[in-house]
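The values are calculated or read from the model by the stated rules, or taken from the named source; none is laboratory data. Please read these numbers as outputs of a predicted model, since none were measured by experiment. When we count neighbours, we look across all protein chains shown, and the Cβ atoms used for this are built from the backbone with ideal geometry, even at glycine.
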Amino acid sequence: MTRKPAGIDAIAFHGPRCYLDMSDLAQARDVDPDKYRLGLGQTQMAVATPCEDTVTMATVAAHRALDRFGIDPGEIGTLIVGTETGVDHSKPVAVYVHEMLGLAQNCRTFETKHACYGAMAGLTSALDWIAAGRARGRKALVIASDIARYGIKTAGEPTQGAGAVAMIVGADPRLVELDSDTFGDYTRQVMDFWRPLYSKYAFADGHYSIECYLAAFTGAWRDACEQAGSWDRLRLEALDACFYHVPFVKMARKAHLRHCETEWGEAITRADADMAARVRTSYDAQVAPWLELNSVVGNIYTGSLFLAMADYLRKLTPEREGRRLSLFSYGSGCGAAFGTGVVSGGATASRNLVDPAVHLDSRVRLDIDRYEQLIRACETADHNEEPYPDPADWGLDKGLYYVGTRDHVRQYTGSPAETL
Ligand code: CAA
């Protein structure tokens, strides 16, 4: 029996209302602005207010994907939220989203966690659910939603961000058909990045985490090659675009260098001018053009890889349809996957539906004092019976917002449809 292709039928992004310009952060921290702009590749960083959490961002992104792509919530048979910044040790973010979107009671609903790999784990589970014949014509909603926070004046501070990417996964997808038989996996216990139960902030052994990420790329890529059987579909030459997990834009450049080295079988240094030029040409064509959203949003953990894909899809042109893409997801700790897909025929017709420009253009620039005030306010915003955070205090108007915890129950107000 030949299986219908399955993959991404709809995708949408939603992030916080406010952002910090990296030049303001550099000035406040007495750092050369080029370190953030060129050294890390970041120009802006999304910052969530105390009234925007993993639940509100996930719900708004999912509502946007359903609404823009004309999908009835009743068609969703699986809902998975990948997050490493959930709101409860027991209750999944996904079940709040399930209620707020009005999904069916026979929709299976859960949360996945493995640092930034959580949403990729959700995506591959959704593909397996479809391949196993359990979907019964329904679709899966997979959401990546996170607030990346290391704290004021830490080394990780310029690599923060926040946002959610929602993807609707089904048979005969309108955007990207995924090669579910070529996903390669990798797992290794390492302490490169973690967030203990008692901490709001992540801890990272930053430079070591970069080494772990690159080692994981090699491992997952090799496994994908073994899975694929036909090596042709994985070759860089066969790829129109390569998407990587993007904790900061420069990391995608490092990942692509490792991708080239792994495939070409040699370490490439600047001293080898010809090979270095070959890597640069490949990076400029296959990676750099799709990092614009990441550079103004920052790290969104589980969603970073898919934000790069959304950037590609919003810029799609008909000649790219039918071309192959690669996806690499890395979650610290660590788990990783490398896989491929193909741009669906006719996908260009949906590119405007993917574009988050209206939302991003409406964002408000914070000054450094307001940013620090906001970060401190978030530290206690979910404590029981604390003074309730008021969206108006943070310049938020209509929309879906978190408004405090009463009697140990999180409270929300507004609706996803009203959120800009
Ligand atoms: N002009 C231009 N470039 C400059 C510069 C200047 N004035 N000053 C420094 N740079 C360059 C450096 O040369 C360096 O580039 P290379 O890496 O290409 O050499 C870059 O800017 C960063 O400089 P440093 O390495 O000195 O920066 P740092 O020590 O302050 O830390 C960091 C950088 C390790 C990424 C830190 O921000 C951090 O710990 N971030 C959190 C962890 C993280 O993001 N890890 C990524 C891999 S793990 C993962 O991906 C999972 C996840 O989401 C967390």
Could you go through the stretch 127-139 and let me know if any residue there is within 16 Å of the ligand (Cβ to nearest atom), under 20 Å from the mean Cα position of the chain (by Cα) and more than 30 Å from Gln27 (Cα to Cα). no
For the stretch 193-227, name all the residues that are of a type in the set (Asp, Glu) and either more than 10 Å from the ligand (Cβ to nearest atom) or modelled with pLDDT under 95 (or both). Asp223, Glu226
From Cys107, Cys116, which residue is buried (at least 22 other Cβ atoms within 10 Å of the Cβ), among the hydrophobic types (A, V, I, L, M, F, W, C) and in contact with a helix residue (DSSP H, G or I) (Cβ under 7 Å, 6 or more places away or on another chain)? Cys116
Tell me yes or no: at least one residue of the stretch 164-171 is within 16 Å of the ligand (Cβ to nearest atom), under 21 Å from the mean Cα position of the chain (by Cα) and closer than 20 Å to Arg64 by Cα. yes
From (1) small (Gly, Ala, Ser); (2) free of Cβ contacts under 8 Å to residues at least 40 places away in the same chain; (3) within 14 Å of the ligand (Cβ to nearest atom), pick out the condition that doesn't hold for Gly82. (2)
Per the list (1) more than 16 Å from the ligand (Cβ to nearest atom); (2) among the hydrophobic types (A, V, I, L, M, F, W, C); (3) closer than 29 Å to Tyr388 by Cα; (4) surrounded by 17 or more Cβ atoms within 10 Å (Cβ to Cβ), residue check on Leu20 breaks on (1)
Among the residues of the stretch 3-24 satisfying the criterion of being acidic (Asp, Glu) and in a strand (DSSP E or B), which is nearest to Arg138 (Cα to Cα)? Asp9
Within the stretch 373-388, the residues that are modelled with pLDDT of 90 or more, touching a strand residue (DSSP E or B) at 6+ places or on another chain (Cβ under 9 Å) and not charged (D, E, K, R) are Leu374, Ile375, Cys378, Ala381, His383, Asn384
Give me the residue from the stretch 235-249 that is more than 16 Å from the ligand (Cβ to nearest atom), in a helix (DSSP H, G or I) and touching a residue at least 24 places away in the same chain (Cβ under 8 Å) and, out of that set, nearest to Cys260 (Cα to Cα). Leu236
Out of all the residues in the stretch 153-167, is one or more in contact with an Asp or Glu (Cβ under 8 Å, 6 or more places away or on another chain) and polar (S, T, N, Q)? no
Would you check if there is a residue in the stretch 49-62 being within 21 Å of Gly395 (Cβ to Cβ), modelled with pLDDT of 95 or more and within 16 Å of the ligand (Cβ to nearest atom)? yes
Filtering the stretch 112-126 down to residues that are touching a Gly at 6+ places or on another chain (Cβ under 6 Å) and more than 16 Å from the ligand (Cβ to nearest atom) yields Gly122
